[in-house]
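Have a look at the structure below, then the notes.
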Amino acid sequence: MNALQNPLALLGRLLLAYVFIPAGIGKLGAGFAGTVGYIASKGLPMPEVLAVAAIVVEIGAGIALLIGWQTRWAALALALFTLMAALFFHNFWGVPADQVMTQKLMFTKNLGIAGGLLAIAALGGGALGLDGRRRG
């Protein structure tokens, strides 16, 4: 398994980054107003600021994770972001009955994604990235 550790770490980073970078890009431009509206619909303060913060975290930390730069910090930031998203946007315990299954699924997926990100934050992103090159 040692021979697979770095390629698997890279694949894990790529797959996780694929969750965040397109989502952040989708919030730019025409998607920004919808993002602000969705945040506001949840009763959160300063929805424009939170939308910008979401874009910065998803794209910025997503790219850092992708290229393996400051990988542990990027993974930690994305894990916290994902846990907050689960709590505020997928609160299956507070939605109408016809939405419970979908929101519970989204909540559970977010927990799993956060778990993977926390593992990267704890163990690092492997040697196949900018962090690995600096150590090398």
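The values are calculated or read from the model by the stated rules, or taken from the named source; none is laboratory data. Note that the structure is a prediction, hence the values are computed from the model and not measured. Note that each Cβ is placed from the backbone with ideal geometry, even for glycine, and that neighbours are counted across all protein chains shown.
Which ranges mark the helices (runs of 4 or more DSSP H) fully within segment 71-136 that have 1 or more residues being among the β-branched types (V, I, T)? I'd like the intermediate steps shown before the answer.
Numbers: elements: 71-89, 97-123, 130-135.
Result: 71-89, 97-123.
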Item to check | Residue list for segment 96-134, filter: more than 19 Å from F81 (Cβ to Cβ) and crowded, with 17+ Cβ neighbours inside 10 Å | outcome: G124, G126, L128, G129, D131, G132
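Within 30 Å of P7 (Cα to Cα) and either surrounded by 14 or more Cβ atoms within 10 Å (Cβ to Cβ) or at pLDDT below 95 (or both): does that describe A61?
So A61 fits the description; yes.
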Item to check | Checklist (1) more than 26 Å from L130 (Cα to Cα); (2) in contact with a Gly (Cβ under 6 Å, 6 or more places away or on another chain) applied to G26, failing item | outcome: (2)
Checklist entry - With respect to the numbered conditions (1) under 30 Å from L11 (Cβ atoms); (2) touching a helix residue (DSSP H, G or I) at 6+ places or on another chain (Cβ under 7 Å); (3) surrounded by fewer than 15 Cβ atoms within 10 Å (Cβ to Cβ); (4) at pLDDT 95 or above, which one is the sole condition not fulfilled by L28? => result (4)
Next on the checklist: Any residue in segment 35-63 that is under 18 Å from V95 (Cβ atoms) sitting within a Cβ distance under 8 Å of a residue that is aromatic (F, W, Y) and assigned to a helix (DSSP H, G or I)? List the pairs, counting only those 6 or more apart or interchain.
Outcome noted: Y38/F89; K42/F88; K42/F89; L44/F88
